[in-house]
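Notes to accompany the following structure.
Each value in this text was obtained by applying a stated rule to the coordinates, not by laboratory testing. Bear in mind the structure is a predicted one, so any value in this text is a computation, not a measurement. Neighbour counts are summed over all protein chains in view; Cβ atoms, including those assigned to glycine, are modelled from backbone coordinates with ideal geometry.
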Ligand code: FES
């Protein structure tokens with residue numbers, strides 16, 4: 001116990017352990033910090049910035065910033081809420097998200113955050129970018145229209161599955177998932193049992209023949225807001 005230390009999030013006293021990020025310490029304390037690219041079983045990536053908090057007055061991503069003694073962290077402020085809403089909004093307009101037709105609807109973390117933040121319609125114009133769908137794999141299909149380039153699949157395939165089936169190509173809004181293959185997904189070693197095939201926060205990576213196993217209306221975020229599995233209020 002002597003190695004623990006204390007800091008605050010929105011005035012609440014949090015006990016951290018050595019090596020923990022702010023996000024990890026907050027989760028343990030029952031304080032939800034919104035996130036998209038972060039995943040408990042993967043190394044931090046720090047790319048989506050949805051987890052941005054103010055640390056001693058400066059913005060930091062909670063999933064990469066180590067927690068430390070005496071830190072004063074702000075999480076739920078109007079300014080941070082506004083910034084997160086902007087980020088979520090931009091992800092919606094950059095992609096082509098037709099939620100009502102998506103198998104991930106109700107289990108989608110992007111959609112869950114939009115509901116949590118009360119986003120009813122985007123503030124920015126849709127970009128309607130042309131994006132690819134690859135259904136060549138016998139068990140999995142990839143819909144780039146829904147991809148938010150969080151790199152969960154890239155990290156899972158490389159670090160956990162040991163296959164490096166995915167990578168990225170392009171920059172900025174042209175950045176997209178690429179396959180470690182000459183032509184298409186079927187040429188990769190990706191299997192439906194891989195972590196990479198089941199870790200997508202949105203509906204970009206979908207397993208075939210298991211769609212709608214749980215009816216719409218009974219899915220994870222249909223019944224409880226995203227983050228309520230962490231929050232202790
Ligand atoms: Fe921290 Fe994406 S969850 S940057």
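Within segment 42-58, take every residue that is within 10 Å of the ligand (Cβ to nearest atom) and part of a strand (DSSP E or B) and give me the one that is nearest to the chain's Cα centre (by Cα). Before the answer, list the steps.
Of segment 42-58, the ones within 10 Å of the ligand (Cβ to nearest atom) are 44-53.
With the extra rule that they be part of a strand (DSSP E or B), the set shrinks to 52-53.
Details: 52: 13, 53: 16 Å.
Out of the qualifying residues, it is 52.
Does residue 90 count as outside any loop (DSSP other than H, G, I, E, B), more than 30 Å from residue 217 (Cβ to Cβ) and away from the ligand (no atom under 11 Å from the Cβ)? Give the derivation first.
Working: outside any loop (DSSP other than H, G, I, E, B): yes; more than 30 Å from residue 217 (Cβ to Cβ): no; away from the ligand (no atom under 11 Å from the Cβ): yes.
In short, no.
Scanning segment 11-36 for residues that are loosely packed, with under 14 Cβ neighbours inside 10 Å and either within 12 Å of the ligand (Cβ to nearest atom) or touching a residue at least 24 places away in the same chain (Cβ under 8 Å) (or both) turns up 19, 30. Going through (1) within 11 Å of the ligand (Cβ to nearest atom); (2) in a helix (DSSP H, G or I) one by one, residue 39 falls short only on (2). Of all residues in segment 42-99, exactly one satisfies the criterion of being at positive phi and in contact with a helix residue (DSSP H, G or I) (Cβ under 9 Å, 6 or more places away or on another chain), namely 49.
Considering only segment 59-87, state which residues are within 12 Å of the ligand (Cβ to nearest atom), in a helix (DSSP H, G or I) and over 18 Å from residue 10 (Cβ atoms). The one that is within 12 Å of the ligand (Cβ to nearest atom), in a helix (DSSP H, G or I) and over 18 Å from residue 10 (Cβ atoms): 87.
Give the number of residues within segment 37-85 that are buried (at least 22 other Cβ atoms within 10 Å of the Cβ) and over 27 Å from residue 200 (Cβ atoms). Summing the residues that are buried (at least 22 other Cβ atoms within 10 Å of the Cβ) and over 27 Å from residue 200 (Cβ atoms) in segment 37-85 gives 2.
Looking only at residues of segment 98-116 that are surrounded by 15 or more Cβ atoms within 10 Å (Cβ to Cβ) and without any contact (Cβ under 8 Å) to a residue 60 or more places away in the chain, we find that the one that is farthest from residue 81 (Cα to Cα) is 99.
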